[in-house]
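The values are calculated or read from the model by the stated rules, or taken from the named source; none is laboratory data. This one's a predicted model, so the numbers in the text were calculated from it and none came from an experiment. Cβ atoms come from the backbone with ideal geometry, glycine included; neighbour counts cover every protein chain shown. Note: accessible area is taken over every heavy atom of the protein model, side chains too, but ligands, DNA and RNA are not part of it. Shrake-Rupley method; radii C 1.70, N 1.55, O 1.52, S 1.80 Å.
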Amino acid sequence: RILPVEKNFESHPDYYSMIDGKRVRERTQLCLSNPDVLALTIAKVREWIQAQPDAAIFSVSQNDWHNPCACPACKALDDAEGSHAGSLITFVNKVADAIAADHPGLAIDTLAYQYTRKPPKSVRPRPNVIVRLCSIECCFAHPLDGCPESSNTSFVEDLRGWSKLTSRL
């Protein structure tokens, strides 16, 4: 919804994920290190705020599939942070900072989901950023800390990691 592929890919493939050295159109994500993507995202969020002045939370999240951008700048940030959440939280923080100046009571939320579920090493979400940690891979037939045959163990580790980074989880 922020930068629809069908409207922008032909003229700006650099707005979208680089996978194996090539910008991809299908099932793509945004290139979170591209300064134009950031500026356009901030403008889009401002449009949403104007259209929904009573809303308190606006979502800036990944698409519901994989394919995070692996351009040199995104990859360097993600490698340094040990997670694709590194580039995502850095990007969302910049959006949140820009919005906070004019709308101090609003929050920007984002997903910690699939490839961004693992928390970053050092980048912390801003106070006006909400992280929605998604448990889609978990087994719910057992307690989160008691399922011997699932990814619950890694989810609990991620839950603990995120809870150290933010109080808005």
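So that you can scan it fast, the table gives a plain yes or no per residue for (1) under 27 Å from Glu47 (Cβ atoms); (2) open to solvent by 30 Å² or more (accessible area, probe 1.4 Å); (3) over 11 Å from the mean Cα position of the chain (by Cα); (4) among the β-branched types (Val, Ile, Thr):
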position	(1), (2), (3), (4)
Glu81	no, no, yes, no
Thr90	yes, yes, no, yes
Asn93	yes, no, no, no
Ala98	yes, no, yes, no
Pro104	yes, yes, yes, no
Val129	yes, no, no, yes
Cys138	no, no, yes, no
Pro148	no, yes, yes, no
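With the requirement that a residue be acidic (Asp, Glu) and open to solvent by 80 Å² or more (accessible area, probe 1.4 Å), what does the stretch 4-35 give you?
Those that are acidic (Asp, Glu) and open to solvent by 80 Å² or more (accessible area, probe 1.4 Å): Glu6, Glu10, Asp20, Glu26.
Among Thr28, Thr41, which is closer than 18 Å to Ala98 by Cα, at pLDDT 95 or above and either assigned to a loop (DSSP other than H, G, I, E, B) or not small (Gly, Ala, Ser) (or both)?
When all the criteria are applied, what remains is Thr41.
Quickly run through the stretch 43-77 and pick out the residues that are under 15 Å from Pro4 (Cα atoms) and in contact with an Asp or Glu (Cβ under 9 Å, 6 or more places away or on another chain).
Val60, Ser61
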